[in-house]
Each structure stands twice: as C-alpha cells, then as structure tokens.
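Comments concern the structure below.
The values are calculated or read from the model by the stated rules, or taken from the named source; none is laboratory data. Since the model is a prediction, treat every value here as computed from it, not as a measurement. For neighbour counting, all protein chains shown are included, and Cβ atoms are generated from backbone atoms with ideal geometry for every residue, glycine included. Areas reflect the complete protein model, heavy atoms only, side chains present, ligands, DNA and RNA absent. Shrake-Rupley method; radii C 1.70, N 1.55, O 1.52, S 1.80 Å.
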Amino acid sequence: MTSADDFVIQLALDKGVLTQSQINAAQTRIDAHTDLTTAPPKLVDALIADKAVEARQLSKLLADEFGMPLVDLPNLRAPSADAMAVLPRALAARYTVFPVSKEGGVLKVAISDPLDVDTIDSLGHVLKLTIEPLIAPADDIKRTIDRFYGKDEAELNAMLGDFSVAGADGDGVKTVAAAGAPVETEGDAPIIKLVHQIILEAIQRRASDIHLEPLEKRFRVRYRIDGVLLEIENPPKRLQLSMISRLKIMANISIAEKRIPQDGRIQINMTGKQIDLRVSSLPTAHGESIVMRILDKEGLQLGLPELGFLSDDQQVVERLISLPDGIMLVTGPTGSGKTTTLYSCLNFINKPDRKIITVEDPVEYVLAGINQVPVRHEVGMTFASALRSMLRQAPNIVMVGEIRDLETAEIAINASLTGHMVFSTLHTNDAPGAITRLIDIGVKPFLVSTSLRAAVAQRLVRKICKQCKKPYTPDSKELRSLNISAQQASSATFMHGEGCPNCNGTGFRGRIGIFEMFVVNEEIQRMIYDNAGTSKLRDKARSLGMRTMREDGIRKVTAGLTTIEEVVSITVGDAS
C-alpha cells in the first residue's frame, strides 16, 4: 500500500467516513486472495468495491485536507482545446492526469494523488509550464482521457476489428460513389479510422444523432444523447473536407455536388449487430454540415411499459390497437418518439394471422413479418397513391407514416370505414388538437367522428439513472411548479440522479414518454359531428378522466422515474 493510500484511509478513519471494522473486512478479503495469475486488490480499491466508501468521497477528503479544488470530471462538457494541445494523450495516460484548462503559462490538471509531487514536477519540466493540480478520482481521470482523447491505439484497433460498413454487396466499404469521388489510398487510413471512431463512440454512448458542423474557425462534432446535445473534442479544422468526403462515400452520395442538400444511408456491421445511419448533408457558409441519425432496431422491441405507459394506460392502448377497424393517431412534434410508439404497437399486434402494410417516408426500420412501402415522390409514389394501392392487397392493419394532406386523410378514413385498422401520426401540440387539424385540412366532421378511435399525444422526458438514483425531498417552490399538493407529496417517492459513469455524470439515462390519451366515445363523437372547438373537446375529455401530459408527468415524478425539472421543461405550454 502506498503512502498516499495509507494517508487517505487514515484520514477517512479520523473523519468518521470509514470504520475500523470496514477496513478489517476489506483486508480479510485481500488476504484471502488466492488467484496467483492476478495481483490482489489494493486496500483502497477493496473498500470502494465493498461500497464502504465512494472514490469521490475520498477525493473530497484529500481536497479539503490540502486546500485544493475538487473537479467534477464526469460533468465536464468540453475541456480547453489549448490545454489538451499541450498535453499529449500518451503523457496524460502515463501520469493519469487530465488537462482541464490553460491560462497563460499555467496548466490546470486533474490528479488523483496530491502527495505525488514527482508527477507534478515532471509534468512542469517536460511541458515548461506551471502545473496547478486539481483533485479527482483516478477512475474518473482514466474515463475522461478516453472520452476526450479517444481510446488508445491498441484498444481502438480491438474495437474496430468487427466494425465494417456494408456496401452494395453487403461486405466492406462502398468503393464506388457518384462521379468525382476520389479513389481511397493507404494515406486515407487515419481519416477512415477517425470517422469510424466518432461513429463507434456515438453508438457506445447511446447517441441518437451525430452532428458534424463546419464553423468559421473550427469543425464541431456533437452527439445528441437522451435529447441533449453534447459537444465532444473537435477534430482539427484541416480535416473537415476529408472527413466529410469520407462520410459521403460511405453514404453513397455525390462527393462532387456541394451546392444542394443530399440524403444517403450507411449500414454498419459492428460485433455482429447491424446499425443503420440515415445521413443528411446541407451546404452552409463554411462547408457542408452532416447529420447522421442512428437507427438502432433494439429500441423497437420495447414493450408498452418500457415506452412509459403505466398499467392503466397500457390496458387502454392494448384495447385500442386490438380493435378491428378505425383510426388511431399519435401526435407530437418531431423527435417526440411517435415512430417508436407506432412500431412498438405494430410489434404487439404482429401475428401470423394478420397482414400489416406500412407506407413510410423513408422506411427507417425494417420489421420482420411486415410489408413496408417507401414513398418515392420522383416516380409519383406519394402517401396517397401508395395507400390507395395498398388497400388492394387486402391488409388487416395499415400504418401511414404521416397524414399531411386531404387526399391521404380521406383514403385513410375510407380504409378505416371499410374494415381496416389504421395507424398514423400528426403534428399537433395536444391530443384533442388532432380533430381540429383533420377538419382544417378539409376532412368532413362526420367522417372524423365515425372513424377516429383515439388520439395519443406524447413527449419524451429523461429517466433518472438507475445506478445513481437517490431519494430527495423537493422544496416548496419545486412542488408549486407542478401544483403537487402536500397530500400527493406525502405519498410520493421523489428521486434524482447524483451522476455516475453509467450516465456520464448527468444523472439521467434513457427516456420515457409522457402521454395524453384522448379516447373517442359516443358523447365526443356527437361533439365532433357538431364541429365543437378544441377547448370544448378538451374540457369534455378531462371531465371523462383524460389526463394531460403534465398530469401524466407528475405521476412519473411521484413514482421516482423522472424529475420535476424535466416535466416542467417539456410541458411548459400545459400549466393545467
């Protein structure tokens, strides 16, 4: 055991953070270590593994003892590019330090052991800078090095070993792009590896989108994780053209055309798993901006509870999607999870005795056992024409990606009136607004009243990380922000995430839906037939038991699934 370990354990003992019995138990486990192929754990590591103490607690004790700042590396959004430029990855990994910022001739670095004066002196001598140490746990430092510098060469090569881009023949990289594409040479290997690394890291971190944005003096890369954009270490500006060209080759779109938007697709085979990326390029003032949407089929296997439906709502949805005819609409803005909800519903009712056909623009996910038709405007295959032809195929269930115009709406309604169950989406702010939207585009009220079975509005809120969630008591201001009564609060289980490696220090991991379920019964049918306004429909539905999205969000807050701040921010337009 090093002197630093001795020091921090004694310090924790003196401060009452650890007890002697915990130390003895950890030491007994070390003494019982019999595997000669591995070294026994250090006492500090054994105590952390036993959950007798947290690494961050020990770091805080050291920071307080030496009067040094404690740095929260998991929540570090973007370190100083200047600081990372002066401290190479190899040096950071060798000394287990991370450069946080650089101001003039002073470099602030995160270090785990404030007693390690040799490391501080050596860094100062090699870099010709004054080193100002900050305290952080060693594991946090190692993860942050990987996060911002990238994995080391050997580890990266091991991970990229099973990484390939499916081409026209399903194997390897697409080598033929549109006219003007350069032939790849051995000198392109570093660019290829860098692009693959960016995609690989995005998939590992559960990103839904990758944004590569050319700015005036830098080339910015951001991941969207759980709906929030997070900037990562930017590649050098000089690599911008090479990286964009590489991605356009992979997506099989014209590398010579830089004046108009283009769309393409990349299929990646990684460790036996196939992942699709939908690629969009857009010309901007400083070059082409690339956005890659990561389409992971695993998200479509979610059951209704995983989507966020609580047991009572789940029963209603299961009943609705099992009806023999009618229309069910899912509404909400772009990115609110409508497609995932519809696909999960289709999976639920996808049985061998039912024929299901979808028309989509584009087909994002290929579903087993379902006939999927892509929209192709250039040859006249619109939603309406595809839907008209689909009905001749005698389906039981039809999904229309989106109702955008009167023609599509009328065909969908006629299909529902002739014995088909139709699923589709609309862009409206709430569930009752779907009726007004259909009538606004020209559908007769009597057709809406007879065909519509339900409209479900939804938004996505971030879920509290299961590994670092802890109970907490919200203050009166937080409770007032959602009108949570004292009675509700007394029986609630309020939780929040403290931040851990599992959630990248955010306290959140994954998202769930909050829903507003507008079910059409005979009373509401008569109101739609009489062309009642949205507010009257909403009031009637509320009187019949419909919960708003905010009220559904409150249920998920009091169940400890999400936080008050999340629900307030997502339902800011719903103060009821």
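So that you can scan it fast, the table gives a plain yes or no per residue for (1) modelled with pLDDT of 90 or more; (2) basic (Lys, Arg); (3) in a loop (DSSP other than H, G, I, E, B):
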position: Ile357; (1), (2), (3): yes, no, no
position: Tyr365; (1), (2), (3): no, no, yes
position: Gly369; (1), (2), (3): no, no, yes
position: Glu378; (1), (2), (3): no, no, no
position: Arg392; (1), (2), (3): no, yes, no
- request: Find all pairs meeting these conditions: Cβ atoms under 7 angstrom apart; at least six residues apart or on different chains; first residue within segment 104-116 and farther than 12 Å from Glu132 by Cβ and open to solvent by less than 50 Å² (accessible area, probe 1.4 Å); second residue of a type in the set (Lys, Arg) and in a strand (DSSP E or B).
  value: none
field: Among (1) at pLDDT 85 or above; (2) over 30 Å from Met270 (Cα atoms); (3) of a type in the set (A, V, I, L, M, F, W, C), the one test that Ala81 misses
entry: (1)
- prompt: Quick one: what pairs do we get from segment 385-408, first residue of a type in the set (Ser, Thr, Tyr), second open to solvent by less than 70 Å² (accessible area, probe 1.4 Å) and modelled with pLDDT of 90 or more, C-beta under 7 Å, 6+ apart or different chains?
  reply: Thr408/Val400
- request: Could you please find all residues in segment 558-568 being on the phi < 0 side of the Ramachandran plot and either assigned to a loop (DSSP other than H, G, I, E, B) or at pLDDT below 90 (or both)?
  value: Ala559, Leu561, Thr562, Thr563
query: Within the set of pairs 6+ apart or on separate chains, which have a first residue in segment 432-448 that is more than 20 Å from Asp539 (Cα to Cα), a second that is assigned to a helix (DSSP H, G or I) and open to solvent by 30 Å² or more (accessible area, probe 1.4 Å), and C-beta atoms under 6 Å apart?
result: Ile441/Leu406; Gly442/Leu406; Phe446/Tyr529
field: strands (runs of 3 or more DSSP E) wholly inside segment 451-546 that include at least 1 residues being within 30 Å of Ile411 (Cα to Cα) and touching a strand residue (DSSP E or B) at 6+ places or on another chain (Cβ under 9 Å)
entry: 452-464, 508-519
- line: Taking segment 496-513 and keeping residues in contact with a Leu (Cβ under 8 Å, 6 or more places away or on another chain) and either modelled with pLDDT of 90 or more or loosely packed, with under 15 Cβ neighbours inside 10 Å (or both) leaves Arg511, Ile512, Gly513
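Listed here are the residues, each with its yes/no results for (1) at pLDDT below 80; (2) more than 18 Å from Ala55 (Cα to Cα).
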| site | (1), (2) |
| --- | --- |
| Ala4 | yes, no |
| Val8 | no, no |
| Asp14 | no, no |
| Val17 | no, no |
| Asn24 | no, yes |
| Leu36 | yes, yes |
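Consider Ala434 carefully, then state whether it is among the aliphatic types (A, V, I, L, M) and part of a helix (DSSP H, G or I).
It is true that Ala434 is among the aliphatic types (A, V, I, L, M) and part of a helix (DSSP H, G or I).
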message: Tell me yes or no: at least one residue of segment 233-249 is surrounded by 15 or more Cβ atoms within 10 Å (Cβ to Cβ), outside any helix (DSSP H, G or I), touching a helix residue (DSSP H, G or I) at 6+ places or on another chain (Cβ under 9 Å) and hydrophobic (A, V, I, L, M, F, W, C).
response: no
